[in-house]
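FYI, it's all coordinate maths here, none of it is from the lab. Please read these numbers as outputs of a predicted model, since none were measured by experiment. All Cβ positions, glycine included, derive from the backbone under ideal geometry; neighbour counts span all protein chains shown.
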């Protein structure tokens, strides 16, 4: 092992002696790797193909003790630090150039306690990993809609999906977390221990430490849910969206319906003549009694003249992974997002105008309606601040060739700017790209100053800064 030159927190460099690297290696149960080593490229490759960064040193942790040693090593040498869980975040903060990357992807232990209806999850697990374990007991924790997403990043940003309206956000079901702090110490955060840290973790992102274990409350779900897609031509989208906004606001908590507007992929249930043409898709899930679900979804399914309707009972694990084929790793991705308290006609017109000019076959705009249980929690109960029932727009720009970068990114930005007059001002931090650092304070609203004070308490030197960063209060 040769000496290494690594990037520091002050944007300079530090020379790390070979013997210090070997001492770190010897202290670990996991491994380290540097450029050229087996496993290096796999460790640094993440979901968003636009991100191609090369860490100077990767610590591939096998447990919480390894995380603590890596953090202490970084702190002692004032190194730039990135923390990788599932590597799915759009901003690409899981990896850094020439700094130290703490890789948690091997930490995948999941332990269900069916009697207490709780689950302990390590940060390398994906949502699909969690679902497979919990559904063995007919239980689930509310998470997101893509099974390859990492549980750690999703949770720390908030977490919402198909059963959020019934059971709350992922953070609303977090009971405790084991956290390695910027000092390298392992603490447990809960409502009774390090309560300020526990509050901040629930929506504050990776700003406050490295979580090595999450404990969640589970709920009875499945094993089947009434779910599926209703596909319409885009031509009738304005009237469909106007009816949709009324139906979902009046819907029971068990019912969730999102809208996707894109070019129809070549799925077997979509007639071939529609492949590649613009469509509006209702993606619906009812997580209660099937007969009640049929009644709840009837009005939505009766709208217009669908191209296809494939709503039926499906295994919950299958529905959770239904969008995975459209979100595989390796493509180039850029997102822009707004919250809307209401889906105004003017906003609908902006969205439809943009969908008529999609820059690639894989680009889409989706609208998620959240509320129900999550909206009955106070805005200041957790770091995540936007608790009113609202619509979340994500402009999901996705393409394959670098030559399309400019056109695709500009399309997303143009739509974002045109929709801004109708937006609430808040934003879900997990949907923010890496060029939106100036939006962080706005994202947290009145909770930001409290977060900055907690950041100063647990990470005054801002060691954990590769995230949607909250700067420590002076």
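From helices alone, the chain scores -7500 deg cm²/dmol at 222 nm; the rule is -39500 (n - 2.57) for each run of n ≥ 4 DSSP H residues, then divide by the residue total.
Note on the range 224-437: percent of Cα-Cα distances in each 5 Å bin, starting at 0 and stopping at the bin with the largest distance, equals 1, 7, 14, 18, 20, 18, 13, 6, 2, 0, 0.
By other beta-carbon atoms within 10 Å, ranking 375, 337 with the fewest at the front produces 375, 337.
For the chain, the convex hull drawn through the C-alpha positions has a volume of 139 cubic angstrom per residue. Computed with the Debye formula from one identical point scatterer per Cα of the range 422-470, without solvent, the log10 of I(q)/I(0) at q = 0.32 Å⁻¹ comes to -1.27. Centroid-to-centroid, using Cα positions, the range 350-399 and the range 1-64 are 36 Å apart. Of 377, 470, 307, the sequence from fewest to most neighbouring Cβ atoms within 10 angstrom is 377, 307, 470. In the chain, the longest principal axis of the Cα atoms and the axis of helix 18-27 are about 70 degrees apart. Here the range 251-277 and the range 65-109 have alpha carbon centers that stand 37 Å from each other.
Our note on the geometry: Cα centres of the range 410-467 and the range 295-323, 34 Å apart. Ordered by the number of other Cβ atoms lying within 10 Å of each residue's own Cβ, fewest first, 165, 387, 301 fall into the sequence 301, 387, 165.
For the range 253-326, the Kirkwood hydrodynamic radius from C-alpha pairs, put into Stokes-Einstein at 4 °C and a viscosity of 1.567 mPa s, yields a diffusion coefficient of 96 µm² per second. Size descriptors for the range 164-321, from the alpha-carbon set: Rg then Dmax equal 20.3, 60 Å.
With the alpha-carbon atoms of the range 110-220 aligned to their principal axes, the span from lowest to highest coordinate is 39, 27, 23 Å, starting with the largest.
Can you give the Kirkwood hydrodynamic radius for the range 4-103, in Å, rounded to one decimal and based on Cα pairs?
Numbers: mean 1/r = 0.0747 Å⁻¹.
Mean inverse Cα-Cα distance, inverted, gives 13.4 Å.
Rg over Rh for the range 168-259 works out to 1.18, both radii taken from alpha-carbon positions and Rh defined as the Kirkwood radius.
Computed from Cα positions, the angle between helix 237-249 and the longest principal axis of the chain comes to roughly 70 degrees. When only Cα pairs below 8 angstrom with a gap of at least 6 residues are kept, the range 259-395 shows a relative contact order of 29 percent. For the chain, the longest principal axis of the C-alpha atoms and the axis of helix 290-301 are separated by about 70°.
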